[in-house]
Amino acid sequence: MTGPTVQTPNVACLRPPAPAAALSRGHVAIQDVEIIFRNGRNETQALAPVTLDLEPGTFTALIGPSGCGKSTLMNAIAGFVFPSAGRIDVNGVPVKGPDPEVGVIFQQYALFPWFTALGNVKFALKRFGLARDELERRAREALAETGLAGQEMKYPGQLSGGMKQRVAIARTFSGAPKVLLMDEPFGALDAQTRISMHTLLMRVWQAHRATVLFITHDVDEALVLADRVYVMSRAPGRIIKTFDITHTRPRSAADFDMEQMRMRSDIHRLLRPPDE
Amino acid sequence: MALSGHNISEFVLTVFRPLVSFTIVLAIWSAAALSGVVSETLFPPPWTVWSAAVEMWNAGTLTPDIRISVERAVIGFAIGASLGVLLGVVTGRTQFFRTLLNPFLTLLRPIPAIALVPVAIVWFGIGEGSKYFVISYTVFLAVWFNTHHGMDFVPEIYIRASRSLGASRLREFLTVVVPAAAPHIVSGLRLGVALALLSLVAAELTGASSGIGYRLQEARQYIRTDRMFALLVLLGIIGALVDLAVHRISRALVHWEQA
């Protein structure tokens, strides 16, 4: 756990006090992980054996058709479900259950409706055992970082979808996770809001640099955000192709070059159902 | 301050409509009494009921009756509600107690309060204890049932979010599980308040010497239907006022928008 940091007050900066920034990246090793759900006598293979590594500080997108098991894989890394075979290590330690080192951002936001935006962020900061003033200051800072200054006392029910997800991003990053799992976080948002959320996410991520696994079925989203894109087949899901994207950020789907365009059509072709 | 169109329609809804309803009912009641079709002894007209209420007020029994009845309802409610919340939490959140207690509690649910009167008298005599027992039993079952359901259906995503954010099990319980179940618990408590008043009359069948329920029994012995009607109307008014207050309080407690 990091101790309280001494910082010059009144310095406007987006970067939070993070002396351990270089250390706060997680390495995720997924080895032959297979997940089978049993329901009575029925067995469903939710995830075919998968092996992949998430390098510290990288942004990986996982794209695939609905029901291919991409969310199941994410739930296993988060510690919500357990693999039937294989192992998952985060920084060399096997996943035994939910852990604050592994942050999760849900499509349904999962904000606590009985807390204000500020209260939701404070919930994540509680584990650091900060003094009351420091807790308040850091929570406000986190909300300001996601563009929510002035909205601190609003309840989730009073916020739009985009603003809710901003609160969720502020909340999750406040917990200083080394790995960040995002399960179609912008899937419920309109196209315009989604683009501004991409810009926001890139800004916050570049300040904190957690290792990100981002699940989506939006090809452009994957190409705009990720260093690497894994494409999964339909159920039971396997990883069928890997794309490395080295283009400088910030990127925009409106300004894709020939290489990005080619990757886009390749991915669309891979995702197309066989009968079309 | 000028009334806007919205305020006027709200005024009509909250004051005018009930007023219309009461006026119509009173008119039908009076007409029935005046027509001579029904015996005045069995079905007294509104004005006789009113003078019966005034008579009881002048006799000095009305206020102490209301006080003792409300006191019984409040104490019975407090005992039943705390036990109900406590047990609901335990059966809603732990598999062991759920398996152990659920079938038993399900068996208790259809037993009406009045059926407990003989047991209450044998166990607690004709003192206040038997009244508290009958009321708290009724309240307990309703509050337990609702709390249990609320605890049982806490959305899994809140638990996942809480654990991923590093909350301890105690903090998760106090700041996630309880608020998530709060709407159910509060509606159980609201039902409990209504049931406390409903079971009051049954409770006062266990040999009371005061209270609204007792006064109803006494009126029966003298065939004073006018007094009975006055007491019934009084029960209705107390119940409606209490429910209004509880509704306000519960809205303040569960103030957030449900997901």
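Considering B:A161, B:A182, the condition of being under 14 Å from B:V85 (Cα atoms) and within 14 Å of chain A (Cβ to nearest Cβ) is satisfied by B:A182 alone. Listed conditions (1) at pLDDT below 90; (2) under 13 Å from A:F112 (Cβ atoms) are all met by B:A182, apart from (1).
Looking at (1) of a type in the set (S, T, N, Q); (2) farther than 24 Å from B:V178 by Cα; (3) modelled with pLDDT under 85, which is the one condition that is false for B:S51? With respect to (1) of a type in the set (S, T, N, Q); (2) farther than 24 Å from B:V178 by Cα; (3) modelled with pLDDT under 85, B:S51 is out only on (3).
Okay, residues lined up against (1) closer than 16 Å to B:V233 by Cα; (2) of a type in the set (D, E); (3) part of a helix (DSSP H, G or I):
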| residue | (1), (2), (3) |
| --- | --- |
| B:R17 | no, no, yes |
| B:L34 | no, no, yes |
| B:S39 | no, no, no |
| B:I66 | yes, no, yes |
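The residues on offer are A:G129, A:G147, A:G161, and the sole one that is closer than 18 Å to A:R203 by Cα, more than 10 Å from chain B (Cβ to nearest Cβ), surrounded by fewer than 21 Cβ atoms within 10 Å (Cβ to Cβ) and at pLDDT below 95 is A:G147. Go through the residues of the stretch A:225-246 one by one and say whether even a single one is modelled with pLDDT of 90 or more, assigned to a loop (DSSP other than H, G, I, E, B) and surrounded by fewer than 19 Cβ atoms within 10 Å (Cβ to Cβ). Yes - at least one qualifying residue is present in the stretch A:225-246.
Filter the stretch B:127-157 for residues that are closer than 27 Å to A:M74 by Cα and not in a helix (DSSP H, G or I); which is farthest from the other protein chains (Cβ to nearest Cβ)? Across the stretch B:127-157, the extreme among qualifying residues is B:F153.
Considering (1) in a strand (DSSP E or B); (2) within 24 Å of A:H247 (Cα to Cα); (3) at pLDDT below 90, say which one A:R38 fails and leave the rest. Of the numbered conditions (1) in a strand (DSSP E or B); (2) within 24 Å of A:H247 (Cα to Cα); (3) at pLDDT below 90, the odd one out for A:R38 is (2). Apart from one condition, B:A208 fits all of (1) without any contact (Cβ under 8 Å) to a residue 24 or more places away in the chain; (2) under 18 Å from B:V74 (Cα atoms); (3) among the small types (G, A, S); the exception is (1). Of all residues in the stretch A:175-191, at least one satisfies being more than 22 Å from A:I77 (Cα to Cα), surrounded by fewer than 18 Cβ atoms within 10 Å (Cβ to Cβ) and within 16 Å of the chain's Cα centre (by Cα). Would you call A:P49 assigned to a loop (DSSP other than H, G, I, E, B) and away from chain B (no Cβ under 14 Å)? In short, no. One residue stands out in the stretch A:66-81 among those that are over 17 Å from the mean Cα position of the chain (by Cα) and away from every other protein chain (no Cβ under 14 Å): the one that is surrounded by the most Cβ atoms within 10 Å (Cβ to Cβ), namely A:C68.
For the stretch A:236-276, a tally of residues being under 30 Å from A:T44 (Cβ atoms) and hydroxyl-bearing (S, T, Y) returns 1. Here the condition is being within 14 Å of chain B (Cβ to nearest Cβ), touching a helix residue (DSSP H, G or I) at 6+ places or on another chain (Cβ under 9 Å), closer than 30 Å to A:R238 by Cβ and in contact (Cβ under 8 Å) with a residue 24 or more places away in the chain; of A:V121, A:V104, A:V95, it holds for A:V104 alone.
The values are calculated or read from the model by the stated rules, or taken from the named source; none is laboratory data. All values derive from a computational prediction rather than experimental measurement. With ideal geometry, Cβ positions are generated from the backbone for all residues, glycine too; neighbour counts draw on all protein chains shown.
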